[in-house]
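The structure appears below as structure tokens.
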């Protein structure tokens, strides 16, 4: 596609429920990244995919967070048993072969846990 | 480890006056540095990037940044602020040298522009 697409754009969920956030990267971009942006904060790195593998998961804050990527395309970030501190904007980016000069970001999913 | 520090969380200027957003970096490598802008309810947009080809980097919308190794700084400037410049600005460093790496973001500086 023309850009990185994320869905849903907004999600309100009750504490304790599971949520899935989706990212469609730019076609042909082998690298995909998830970041979290809490209110008034910079972006925190969560996980990086090269193809369908995740060589760097160092930013995932707990075992409630997981992500997968299939077909070297779509990625899903899953948060289980959501907590209020999970409320944030979750941003996805893709780039050609992990080139830091070529990131394209999606518009993000705003998650609110009530 | 690589990191960036944005020295001001909020900067307020009047329209037509200069803008200075400060950023200091820490890097074990020859750093890859960037400035991104985030307008309300919009995605992140790359303003400019330092590629070591020149210490003064020109970006979009009249912004520029100067890489100063001796001061470990990469401050963002614009000669004359416009109302449309009001946004959040992030200084960013790559966590590895060369053409690899995850982006490490500063906490952001919110720029307000008064008429």
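The values are calculated or read from the model by the stated rules, or taken from the named source; none is laboratory data. Only a predicted model underlies this, so the values are computations on that prediction, with no experimental measurement involved. Neighbour counts run over all protein chains shown; Cβ positions are idealised from the backbone, glycine included.
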Of the conditions (1) within 23 Å of residue A:107 (Cβ to Cβ); (2) under 15 Å from the mean Cα position of the chain (by Cα); (3) more than 14 Å from chain A (Cβ to nearest Cβ), the single one that residue B:49 does not satisfy is (3)
Are any residues in the stretch A:16-35 under 9 Å from the mean Cα position of the chain (by Cα) and away from every other protein chain (no Cβ under 14 Å), and if so, which ones?
A:21, A:22
The residue that is modelled with the lowest pLDDT, considering only those in the stretch B:95-107 that are touching a strand residue (DSSP E or B) at 6+ places or on another chain (Cβ under 9 Å) and either at the interface with another protein chain (Cβ under 7 Å from one of its Cβ atoms) or in a strand (DSSP E or B) (or both), is B:100
Please indicate, with yes or no, whether at least one residue in the stretch B:38-49 is over 16 Å from residue A:102 (Cβ atoms), modelled with pLDDT under 95 and surrounded by 21 or more Cβ atoms within 10 Å (Cβ to Cβ).
yes
Quick one: would you say residue B:92 is surrounded by 14 or more Cβ atoms within 10 Å (Cβ to Cβ), touching a strand residue (DSSP E or B) at 6+ places or on another chain (Cβ under 7 Å) and within 9 Å of chain A (Cβ to nearest Cβ)?
yes
Any residue in the stretch A:48-55 that is within 11 Å of chain B (Cβ to nearest Cβ) and surrounded by 21 or more Cβ atoms within 10 Å (Cβ to Cβ)?
yes
Restricting the search to the stretch A:84-114, which residues are more than 14 Å from every other protein chain (Cβ to nearest Cβ) and either part of a strand (DSSP E or B) or exposed (fewer than 14 other Cβ atoms within 10 Å of the Cβ) (or both)?
A:84, A:85, A:111, A:112, A:113, A:114
So which residues in the stretch A:58-82 are within 14 Å of chain B (Cβ to nearest Cβ) and surrounded by 14 or more Cβ atoms within 10 Å (Cβ to Cβ), if there are any at all?
A:59, A:60
Check whether at least one residue in the stretch B:56-76 is touching a strand residue (DSSP E or B) at 6+ places or on another chain (Cβ under 9 Å), assigned to a loop (DSSP other than H, G, I, E, B) and modelled with pLDDT of 95 or more, and report yes or no.
yes
